[in-house]
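Engineer: Mind looking over this structure? Questions follow.
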Amino acid sequence: MSNTLEKFAGSLGQLIREEYLIGEEYYRGDVKKGLRNSDGTGVLAGVSKVGSVQGYFIQDGQRVSVPGRLYYRGIELNEIVEAHRKAGTFGFEEVAYLLLFGYLPSKTELDHFNEIMKRARKLPDGFTEDMIMRHPSRDIMNKLARSVLALYSYDDNPDDTSVENILLQSIKLVGCFPSIVANAYAVKRHYFQGGSLHIHFPEDNLSTAENFLRMIRPDTQYTEEEAHLLDMMMMVHAEHGGGNNSTFVCRAISSSGTDTYSAIAGAVGSLKGPLHGGANAKVMEMFRYIKENVDPHDDGSITDYLNKLLDGEAGDRSGKIYGLGHAVYSISDPRAVLLKKYARHMAEIKGFADDFTLLQKVEELGIPLVQERRHNDAPMCANVDMYSGLVYTMLGIPSDVFTPLFASARIAGWCANRLEEVITCHRIIRPAYRAVTIEDHYVPIEERIGKLNVPEA
């Protein structure tokens with residue numbers, strides 16, 4: 001049966017492409033392909049207090065690029081990160097509180113929140129055995145999405161969309177996401193890679209970053225510097241405005257009035273995509289190709305290979321240099337700036353200094369090449385994915401955990417945006433698509449001429 005289906009689907013491929021093809025001429029005028037304006041800016045679909053992404057302003061109808069800034073509830077991300085780095089404290093929990101509740105907590109409030117998070121990190125009784133161990137998955141993002149949907153069955157009141165209940169569900173999800181990811185990876189490593197099975201439970205006295213490193217490593221060991229670097233990564237990835245694909249998906253699903261688990265599972269599915277959260281793994285895949293094929297000390301050698309990538313003759317043949325360019329940021333991505341700043345020392349002590357230098361060269365040499373191909377000298381910068389994969393690698397985190405770990409941070413932003421959508425919008429998100437099908441008439445089956453060479457029954 002499977003073989004027959006495969007042959008049938010294979011024979012349809014080209015026909016389907018032709019039937020579904022819509023010429024670019026239909027997108028002219030007021031059709032916003034990809035919900036983008038003609039100048040590349042996003043179509044304004046709503047307002048938000050949660051996150052603000054700033055990379056340009058409009059002056060006299062023209063887009064003017066500025067150094068990128070990212071704000072959480074009006075506070076610049078850079079301020080938050082630098083404050084915690086200076087104090088030597090872990091900041092992700094505070095960021096989650098800020099995003100969910102809308103303000104910076106007092107010490108008493110944060111302490112109370114951390115006490116709640118201790119309980120939230122623990123998965124329901126039997127969940128790991130029933131939902132993760134008995135149904136292992138080769139892809140952790142798919143396992144994460146399935147696990148989120150499964151949590152619906154462990155909730156006594158899953159369809160209650162009151163603000164209070166959504167907030168309760170949100171805190172539980174922020175707490176348990178890292179535990180799901182760590183356990184899913186342990187099971188995958190055991191069943192599909194032949195590794196020993198190590199399941200570690202979160203400890204009450206540790207931060208989210210510390211717990212994740214402890215849970216994902218067979219020996220549970222980590223250094224303070226590693227934990228603080230991961231904590232910064234989680235702060236950096238916690239939120240990125242309502243217009244990024246996964247958050248918009250979460251808001252769109254939420255606008256239908258559905259439950260929290262359905263909305264978050266949809267966001268997870270979006271983040272998995274290589275054009276979104278999956279880009280960090282694609283960067284490292286690309287980087288492996290680069291390392292194997294260039295002389296890292298010869299800019300000409302690097303440039304030649306980058307041209308091959310852009311020509312679709314090397315790497316994954318996509319014609320892309322992953323990690324370059326962003327829909328909003330052009331001069332700089334503030335997240336990439338932070339990662340470059342704080343990852344450099346880790347690269348030196350972990351033996352990745354040469355990799356770090358080569359990645360910088362990919363950024364420096366790749367940007368003018370992309371600009372040349374586009375016949376456009378508009379500013380372009382490296383995005384957060386250019387350096388996040390290397391940071392994860394230095395922390396000993398396997399590539400198939402990169403995007404799930406991203407999700408473990410972004411869950412705070414998703415839940416905050418879901419709350420905002422439910423509280424303020426009260427209208428289902430429903431953009432329009434212009435039909436361009438030529439009007440036709442129904443033809444009786446005996447008068448039709450088929451398009452496939454199908455064998456007689």
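The values are calculated or read from the model by the stated rules, or taken from the named source; none is laboratory data. Remember, predicted model here, so these are calculated numbers, not experimental data. Glycine also receives a Cβ, built like all others from the backbone with ideal geometry; neighbour counts cover every protein chain displayed.
Engineer: Which condition from (1) among the charged types (D, E, K, R); (2) over 30 Å from residue 163 (Cα atoms); (3) modelled with pLDDT of 95 or more is the one that residue 272 breaks?
Structural biologist: (2)
Engineer: Which residues, taken from region 322-339, are under 18 Å from residue 76 (Cα atoms) and not in a loop (DSSP other than H, G, I, E, B)?
Structural biologist: 334, 335, 336, 337, 338, 339
Engineer: How many of the residues in region 117-142 are surrounded by 13 or more Cβ atoms within 10 Å (Cβ to Cβ) and assigned to a helix (DSSP H, G or I)?
Structural biologist: Total satisfying the criteria: 12.
Engineer: Still on this structure, I have one more. Looking only at residues that are in contact with a helix residue (DSSP H, G or I) (Cβ under 9 Å, 6 or more places away or on another chain) and basic (Lys, Arg) in region 35-90, which one is farthest from residue 236 (Cα to Cα)?
Structural biologist: In this case the residue turns out to be 49.
Engineer: Given the residues 418, 410, 373, which is the only one that is part of a helix (DSSP H, G or I), of a type in the set (Lys, Arg) and over 22 Å from residue 42 (Cα atoms)?
Structural biologist: Every option except 373 fails the conditions.
Engineer: Just to be sure, is residue 400 among the charged types (D, E, K, R) and surrounded by fewer than 24 Cβ atoms within 10 Å (Cβ to Cβ)?
Structural biologist: In short, yes.
Engineer: Which numbered condition in (1) of a type in the set (Gly, Ala, Ser); (2) over 17 Å from the mean Cα position of the chain (by Cα); (3) closer than 23 Å to residue 391 by Cβ; (4) not in a helix (DSSP H, G or I) is the only one that residue 227 fails?
Structural biologist: (4)
Engineer: Being hydroxyl-bearing (Ser, Thr, Tyr) and not in a loop (DSSP other than H, G, I, E, B) is the filter; apply it to region 89-115 and report the residue that is nearest to residue 73 (Cα to Cα).
Structural biologist: 97
Engineer: Right, residue 145: outside any loop (DSSP other than H, G, I, E, B), among the aliphatic types (A, V, I, L, M) and under 20 Å from residue 395 (Cα atoms) or not?
Structural biologist: No, not satisfied.
Engineer: Collect the residues in region 299-321 that are assigned to a loop (DSSP other than H, G, I, E, B) and over 23 Å from the mean Cα position of the chain (by Cα), keeping them in residue-number order.
Structural biologist: 311, 312, 313, 314
Engineer: Still on this structure, please answer the following. Count, please, the residues in region 1-36 that happen to be modelled with pLDDT of 85 or more and in a loop (DSSP other than H, G, I, E, B).
Structural biologist: Residues in region 1-36 being modelled with pLDDT of 85 or more and in a loop (DSSP other than H, G, I, E, B): 6 in total.
Engineer: On to the next question. Residues to consider are 273, 269; find the one that is more than 13 Å from residue 148 (Cβ to Cβ) and not aromatic (Phe, Trp, Tyr).
Structural biologist: The unique qualifying residue is 273.
Engineer: Could you please let me know if residue 255 is crowded, with 22+ Cβ neighbours inside 10 Å, at negative phi, within 22 Å of the chain's Cα centre (by Cα) and at pLDDT 95 or above?
Structural biologist: no
Engineer: Only residues that are closer than 21 Å to residue 167 by Cβ and aliphatic (A, V, I, L, M): list them for region 57-104, please.
Structural biologist: Matches in region 57-104: 75, 95, 96, 98, 99, 100, 104.
Engineer: Still on this structure, I have one more. Out of the residues in region 258-294 meeting the condition of being outside any helix (DSSP H, G or I) and farther than 16 Å from residue 143 by Cβ, tell me which one is farthest from the chain's Cα centre (by Cα).
Structural biologist: Checking each candidate, the answer is 294.
Engineer: Please determine, by comparing only the residues of region 40-58 that are in contact with a strand residue (DSSP E or B) (Cβ under 9 Å, 6 or more places away or on another chain) and of a type outside the set (Gly, Ala, Ser), which one is surrounded by the most Cβ atoms within 10 Å (Cβ to Cβ).
Structural biologist: Among them, the one singled out is 50.
Engineer: Give all pairs with beta carbons closer than 8 Å in which a residue from region 66-80 that is surrounded by fewer than 22 Cβ atoms within 10 Å (Cβ to Cβ) meets a residue that is modelled with pLDDT under 95 and of a type in the set (Ser, Thr, Tyr); count only pairs at least 6 apart in sequence or on separate chains.
Structural biologist: Partner pairs satisfying both residue conditions: 66/56.
Engineer: Within the group 110, 100, which residue is surrounded by 14 or more Cβ atoms within 10 Å (Cβ to Cβ) and within 27 Å of residue 430 (Cα to Cα)?
Structural biologist: 100
Engineer: Is there any pair with a first residue in region 117-131 that is in contact (Cβ under 8 Å) with a residue 24 or more places away in the chain and closer than 19 Å to residue 90 by Cβ and a second that is surrounded by 15 or more Cβ atoms within 10 Å (Cβ to Cβ) and charged (D, E, K, R) whose Cβ atoms are under 9 Å apart and which are 6 or more apart or on different chains, and what are they?
Structural biologist: From region 117-131, the pairs are 117/93; 119/172; 120/172.
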